[in-house]
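Okay, here's the structure, questions in a sec.
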Amino acid sequence: MVCAKDIEEITEIITVLKPLEAATTELCGEQYVSTSMVIPIVHILQSKIDEAVTTQVLSHQLKNALKHECSKRLGQIENVSFLAIATVLDPRFKRIYFKNAVALSKILNKISEEIKTYQTTSESSSDSSEASENKEFSLWNNHEKIVQQSGRSRGRASREEIGFPSELNVYLKSAVGRLTDNPLLLWNDMTSVYPNLSKIALKYLSTVATSVPSERLFSKAGLTMNQQRNRLTSKKLNMLLFLQSMDEKLWEL
């Protein structure tokens with residue numbers, strides 16, 4: 001029989017592991033932008049694990065082990081340039097989740113160099129001839145508080161922006177977008193305001209954060225082309241997989 005102490009330990013373990021489940025679910029999606037969410041989710045995950053209240057020995061040991069592993073494996077996540085650029089160029093996050101000022105400065109310099117490259121290319125081409133516990137657990141319930149804190153410190157960061165292209169300066173000084181907005185649609189609307197920066201943003205934001213979508217595709221291909229249907233051509237298999245990937249709304253049934 002499971003005793004009361006075991007139930008209390010299991011309850012606390014579930015509380016400690018709940019942020020990990022939510023983070024995994026968020027980053028494994030394929031219907032929305034996920035690359036720019038890696039750095040924010042890593043910082044939120046660490047704070048959520050730290051906030052978990054543990055009174056039992058086993059759950060407390062698990063909490064400390066998770067904190068150690070997150071720091072060991074994800075402590076330098078801001079130095080991953082691809083993820084960092086995607087986060088900065090997501091209007092919902094920009095630089096509010098960056099803790100390492102040196103890493104942020106390097107990323108802004110890289111974005112500036114890419115903007116200058118696009119400017120040179122465009123100039124040459126123009127010369128020759130765009131939650132509560134009872135409800136679903138949410139990682140983002142502290143996002144608005146972080147946005148407000150970043151708004152108060154935005155004025156102090158203006159000295160760091162000297163030497164950056166005007167597009168990047170204007171973008172960084174503008175307000176942070178809503179968490180429910182689609183960053184790809186936002187950049188599509190801002191193309192006329194940031195012609196060069198929008199190209200860089202769409203290049204980085206269109207990549208998925210994990211390999212889960214491709215693994216899902218392999219699983220679907222394996223289920224579609226089985227022993228009973230082993231004479232399917234690659235062209236026919238590609239068409240079947242494409243039809244399976246379409247949203248139900250597009251079928252108009």
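The values are calculated or read from the model by the stated rules, or taken from the named source; none is laboratory data. From a predicted model like this one, the values you see are computed outputs, not experimental measurements. Heads up, the Cβs are rebuilt from the backbone with ideal geometry, glycines too, and the neighbour counts pull from every protein chain shown. To get the accessible areas, we keep the full protein, side chains included, count just its heavy atoms, and leave off ligands, DNA and RNA. Shrake-Rupley method; radii C 1.70, N 1.55, O 1.52, S 1.80 Å.
Do we have any residue at all in segment 80-94 that's under 21 Å from Ser34 (Cα atoms) and open to solvent by 60 Å² or more (accessible area, probe 1.4 Å)?
Restricting attention to segment 80-94, the residues satisfying the condition of being under 21 Å from Ser34 (Cα atoms) are 80-94.
When the remaining residues are screened for being open to solvent by 60 Å² or more (accessible area, probe 1.4 Å), the result is 80, 82.
For segment 80-94, residues under 21 Å from Ser34 (Cα atoms) and open to solvent by 60 Å² or more (accessible area, probe 1.4 Å): present.
Output the number of residues of segment 1-58 satisfying the condition of being surrounded by 16 or more Cβ atoms within 10 Å (Cβ to Cβ) and assigned to a loop (DSSP other than H, G, I, E, B).
6
Would you pick out the residues in segment 70-120 that are part of a loop (DSSP other than H, G, I, E, B), in contact with a helix residue (DSSP H, G or I) (Cβ under 6 Å, 6 or more places away or on another chain) and farther than 20 Å from Val170 by Cβ?
The answer is Tyr97, Asn100.
Restricting attention to segment 161-183, and to residues there that are under 18 Å from Ala86 (Cβ atoms) and assigned to a helix (DSSP H, G or I), which single residue is farthest from the chain's Cα centre (by Cα)?
The residue in question is Glu167.
Looking at segment 184-221, which of its residues are among the small types (Gly, Ala, Ser) and either part of a helix (DSSP H, G or I) or surrounded by 11 or more Cβ atoms within 10 Å (Cβ to Cβ) (or both)? Step through it out loud before you land on a result.
Filtering segment 184-221 down to residues among the small types (Gly, Ala, Ser) leaves 192, 198, 201, 206, 209, 211, 214, 219, 221.
Within segment 184-221, Ser198, Ala201, Ser206, Ala209, Ser214, Ser219, Ala221 qualify.
I'd like the full set of residues that are open to solvent by 20 Å² or more (accessible area, probe 1.4 Å) and among the small types (Gly, Ala, Ser), limited to segment 59-69. Spell out the reasoning first.
Filtering segment 59-69 for residues open to solvent by 20 Å² or more (accessible area, probe 1.4 Å) gives 60-69.
Result: Ala65, single match.
Conditions first: (1) among the basic types (Lys, Arg); (2) surrounded by 13 or more Cβ atoms within 10 Å (Cβ to Cβ); (3) at pLDDT 85 or above. Lys72 passes all but one, so which condition is the exception?
(2)
From Glu136, Glu113, grab the single residue that is of a type in the set (Asp, Glu), out of contact with any Ser or Thr (no Cβ under 8 Å at 6 or more places or on another chain), open to solvent by 30 Å² or more (accessible area, probe 1.4 Å) and at pLDDT 85 or above. Write out each step before concluding.
Numbers: Glu136 fails: at pLDDT 85 or above.
The conditions single out Glu113.
Name the pairs whose Cβ atoms lie under 8 Å apart, with the first residue in segment 163-178 and open to solvent by 30 Å² or more (accessible area, probe 1.4 Å) and of a type outside the set (S, T, N, Q), the second at pLDDT below 85 and part of a loop (DSSP other than H, G, I, E, B), and 6 or more positions between them or separate chains?
Close Cβ pairs (under 8 Å, with a partner that is at pLDDT below 85 and part of a loop (DSSP other than H, G, I, E, B)) amount to Lys173/Arg154.
For residues in segment 222-253 being open to solvent by 90 Å² or more (accessible area, probe 1.4 Å) and among the aliphatic types (A, V, I, L, M), which is farthest from the chain's Cα centre (by Cα)?
Leu253
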